[in-house]
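To start, the structure under review is shown below, and the notes come after it.
Values in this text are rule-based calculations from the coordinates and carry no lab data. All values derive from a computational prediction rather than experimental measurement. Please note: Cβ atoms are built from the backbone with ideal geometry, for glycine as well, and neighbour counts cover all protein chains shown.
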Ligand SMILES: CC(C)(COP(=O)(O)OP(=O)(O)OC[C@H]1O[C@@H](n2cnc3c(N)ncnc32)[C@H](O)[C@@H]1OP(=O)(O)O)[C@@H](O)C(=O)NCCC(=O)NCCSC(=O)/C=C/CCCCCCCCCCCCC(=O)O
């Protein structure tokens with residue numbers, strides 16, 4: 001699921017909740033759709049932050065749902081709706097942003113990362129390609145050669161490398177959510 005709160009007066013905070021890594025289960029995807037709708041229809045909310053509970057952004061597809069019947073909202077339109085949002089959306093990345101989790105962050109307008117976070121598209125290690133537009137959004141963001149390296153090796157990058165490549169906009173050693181909320185206030 002995803003929890004919605006309003007912080008700092010005008011920032012809608014969406015917190016992914018699916019221990020242990022806030023993977024994109026059907027309930028989490030439905031939670032994102034519902035909380036996005038709520039934040040977008042609230043006139044007092046000027047910008048949004050998406051984070052994960054317990055200092056982990058998102059580990060991607062929920063491996064516990066592999067082999068089960070697909071249910072819940074599909075990821076591609078969900079991420080597209082975030083990207084098309086008229087209110088700026090900031091991803092607060094702690095722990096990991098992997099696979100569909102990084103694709104979710106790439107759909108946000110800005111990404112703030114904790115210095116200890118790891119980011120990557122490990123789909124290739126499962127015999128897959130990033131199918132929720134990560135193979136389009138990442139090259140647009142960092143260029144084809146760097147994106148191809150990440151997509152074809154599935155390797156995880158540190159926050160420092162992600163900053164240098166241009167995947168994230170800012171790295172912090174402190175509270176990522178606080179930094180993302182501050183950033184969200186500055187771009188609203
Ligand atoms: C780096 C890790 C996340 C953590 O490593 P570590 O700290 O060493 O801890 P672990 O012991 O490995 O793990 C701790 C516990 O967490 C559980 N865990 C880990 N990852 C997941 C997960 N993704 N889902 C559920 N649970 C997870 C793990 O089992 C442990 O549990 P327990 O303590 O034993 O109970 C490391 O774990 C890691 O690297 N994890 C794997 C990351 C990964 O491969 N993620 C998937 C990427 S691929 C992907 O996102 C999409 C695949 C396409 C399939 C589509 C299926 C339909 C679903 C639709 C929604 C998503 C669509 C995405 C489309 C796209 O890929 O483009």
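Worth pointing out:
- This ranking places 124, 177 by how few other beta-carbon atoms lie within 10 Å of each, fewest first, which gives 124, 177.
- Choice from 164, 30, 17 with maximal GNM fluctuation in the chain (Cα, 10 Å cutoff): 164
- Three principal axis lengths of the range 5-89 [C-alpha, angstrom, descending]: 42, 26, 15
- Most fluctuating residue given options 21, 144, 11, as computed from a GNM of the chain linking Cα atoms under 10 Å: 144
- Selected from 127, 59, 95 as most flexible by GNM, with the chain as the system and alpha-carbon contacts under 10 Å: 127
- The chain: mean projected area of Cα convex hull, nm²: 9.4
- Sum of -39500 (n - 2.57) over DSSP H runs of 4+, divided by residues of the chain (222 nm, nearest 500): -11000 deg cm²/dmol
- Taking all Cα pairs closer than 8 Å and separated by 6 or more residues, the relative contact order of the range 88-166 comes to 32 percent.
- Distance between the range 95-147 and the range 1-68 - C-alpha centres, whole angstrom: 17
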